[in-house]
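Just below is one structure, and these are the notes that go with it.
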Amino acid sequence: MKRALIIDSGVGGLSVASAVRTTLPELAIAYVADNAWFPYGKRSEAELTDRLVFLVERSLSFVPCDAVVVACNTASTVVLDALRARFDMPIVGVVPPIKTAGEVSRSRVVGLLATEATVTRPYVQRLKEQFAADCKIIPLGLPRLAEIAEEKLRGIPVNREELRELLRPLFGPGAPQVDTVVLGCTHYPLLLEDFKAISPPGVHWLDSSPAIARRLAQVLSEVPPRNDGPLEDAVYFTAPVEGAEALTAYLATLRFPAPQLWPGNAELVAR
Ligand code: DGL
């Protein structure tokens, strides 16, 4: 049996974990939410690289895994090379599906929803030039969106008027004809039904999770398992969890156990 380590700054990576459950129902998953450092959108590239290398290393020491999924666009745009250089196992990242937007948009006007860090990263600029050069891309770096997703999974209802206001540059009066929106942060698919409720019908909402799950399946099929026998799922948070009851209920829908404090927590606090 095999196990994947899926890591994000919070609950966003659960959108990826959900797709992984569908594609690889037999795979065990160790999910790590670095909520002590949420939001990653506010961290520098150097800080994120250092943090992710440390977290992955320590996590693998107590939950051995066969692959790592950095289920965070903000981190993936900067840390993948460092992780690949350090760990001898497949490392899968997630980047905003701008290529797909270039393929499906008819109006050639595309919204890019992501963290304030992701929308300015050179990696994302390159994706735009390479795959959607003839599209008008409207970037919206909105730190509040990931917070709303965090709240939703802790049982706090989404205020759709607030959401409508935040997405005004895409769909408000006088906005250009956006027909495609790139969900460039793994937290956002958790708000998909809310986005749909406040936007015109027929918009393509692009979520890269199914493609990440397929990529994980492919790379795992190419490596022999590191562990013998059955492996358990686990969910770790690097700081105590607020709204644990609602979150535990949500985790159960993905066949995850209740969240626990990340075992290296004391070390983190000391760092
Ligand atoms: N889920 C993360 C992403 O995909 C970011 C949220 C944060 O700022 O921590 O970009």
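Figures for the structure shown
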item: Check on Asp81, among the charged types (D, E, K, R), at negative phi and within 12 Å of the ligand (Cβ to nearest atom); result: no
item: Condition broken by Asp88, with the remaining ones in (1) away from the ligand (no atom under 16 Å from the Cβ); (2) in contact (Cβ under 8 Å) with a residue 12 or more places away in the chain; (3) of a type in the set (Asp, Glu) satisfied; result: (2)
item: Residue within segment 47-58 that is assigned to a loop (DSSP other than H, G, I, E, B) and touching a helix residue (DSSP H, G or I) at 6+ places or on another chain (Cβ under 6 Å) present; result: no
item: When residues of segment 59-68 are limited to those that are among the small types (Gly, Ala, Ser) and assigned to a helix (DSSP H, G or I), the one surrounded by the most Cβ atoms within 10 Å (Cβ to Cβ); result: Ser59
item: Matching residues in segment 32-45 - criterion: being more than 12 Å from the ligand (Cβ to nearest atom) and at pLDDT 95 or above; result: Val32
item: Of all residues in segment 161-185 being small (Gly, Ala, Ser) and more than 23 Å from Ser209 (Cα to Cα), the one that is farthest from the ligand (Cβ to nearest atom); result: Gly174
item: Count of segment 21-52 residues which are buried (at least 16 other Cβ atoms within 10 Å of the Cβ), of a type outside the set (Ser, Thr, Tyr) and within 15 Å of Ala252 (Cα to Cα); result: 4
item: Tally, over segment 183-242, of residues that are among the acidic types (Asp, Glu), under 21 Å from Ile91 (Cβ atoms) and at pLDDT below 95; result: 0
item: Residue satisfying condition, being out of contact with any Ser or Thr (no Cβ under 8 Å at 6 or more places or on another chain) and modelled with pLDDT of 95 or more, within set Val94, Val68, Val79; result: Val68
item: Single unsatisfied condition, Val16 versus (1) more than 18 Å from Thr238 (Cα to Cα); (2) not in a helix (DSSP H, G or I); result: (2)
item: Some residue of segment 95-109 being over 26 Å from Leu140 (Cβ atoms) and either touching a strand residue (DSSP E or B) at 6+ places or on another chain (Cβ under 6 Å) or within 12 Å of the ligand (Cβ to nearest atom) (or both); result: no
item: Breaking point among (1) buried (at least 17 other Cβ atoms within 10 Å of the Cβ); (2) within 18 Å of Ser208 (Cα to Cα); (3) within 15 Å of the chain's Cα centre (by Cα), for Thr100; result: (3)
item: Scope segment 19-40; condition within 18 Å of Phe237 (Cα to Cα) and either touching a Ser or Thr at 6+ places or on another chain (Cβ under 8 Å) or free of Cβ contacts under 8 Å to residues at least 60 places away in the same chain (or both); matching residues; result: Ala30, Val32, Ala33, Asp34, Asn35, Ala36, Trp37, Phe38, Pro39, Tyr40
item: Exclusive hit being within 16 Å of the ligand (Cβ to nearest atom) and of a type outside the set (Ser, Thr, Tyr), set Val53, Val11, Val63; result: Val11
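The values are calculated or read from the model by the stated rules, or taken from the named source; none is laboratory data. Bear in mind that the values here come from a model prediction, so they are computed numbers and not experimental data. Glycine gets a Cβ as well: all are built from the backbone with ideal geometry, and neighbour counts include every protein chain shown.
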